[in-house]
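Undergrad: Next up is a structure, given as structure tokens.
Please treat every number below as a calculation from the coordinates, not as lab data. Values in this document were obtained by computation on a predicted structure and should not be read as measured data. Cβ atoms come from the backbone with ideal geometry, glycine included; neighbour counts cover every protein chain shown.
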Amino acid sequence: MARWIPLMAVEEISDGGSREVTADGKIFAVFRSGEAVHVIDGICAHAGGPLGKGQLQNGVVTCPWHGWQYHVDSGMHCLNHRICQKKFPVSIVDGQIMVDVSQ
């Protein structure tokens, strides 16, 4: 059964922006590309870097610590597809970005 939690107002993140949000005891990386909002696990698989503080370009976030890159729409690492950040289902409800943390 889905368990939706609010992360932030959609207006708090600009087009092409990234944000780190802590909620429900987890760190989320939130990205906005046009009307699309993507949320992945905010802790980089390499060394625990803050993906939500990384730069988003062409649908790819670059971890600010060591440069690991992930596709934000899938969580897949750009070079090694065996590495994948958890991707969370997203819904926009009354202007709030909601994620399903039940998985």
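Undergrad: Which of (1) over 22 Å from Arg3 (Cβ atoms); (2) touching a residue at least 60 places away in the same chain (Cβ under 8 Å); (3) of a type in the set (Gly, Ala, Ser) does Ala36 not meet, given it meets every other one?
TA: Answer for Ala36: the failing condition is (2).
Undergrad: Which one is farthest from Phe31 (Cα to Cα) among residues in region 58-97 that are surrounded by 19 or more Cβ atoms within 10 Å (Cβ to Cβ) and in contact with a Phe, Trp or Tyr (Cβ under 6 Å, 6 or more places away or on another chain)?
TA: Gln85
Undergrad: Looking only at region 1-18, how many residues end up being buried (at least 17 other Cβ atoms within 10 Å of the Cβ) and out of contact with any Lys or Arg (no Cβ under 8 Å at 6 or more places or on another chain)?
TA: Residues flagged as buried (at least 17 other Cβ atoms within 10 Å of the Cβ) and out of contact with any Lys or Arg (no Cβ under 8 Å at 6 or more places or on another chain) within region 1-18 amount to 1.
Undergrad: Here is a follow-up. Which of the residues that make up region 19-42 are crowded, with 19+ Cβ neighbours inside 10 Å and either among the polar types (S, T, N, Q) or assigned to a strand (DSSP E or B) (or both)?
TA: Arg19, Val21, Phe28, Ala29, Val30, Phe31, Arg32, Val37, His38, Val39, Ile40, Asp41
Undergrad: Every residue in region 60-78 that is in contact (Cβ under 8 Å) with a residue 24 or more places away in the chain and among the hydrophobic types (A, V, I, L, M, F, W, C), please.
TA: Val61, Trp68, Val72
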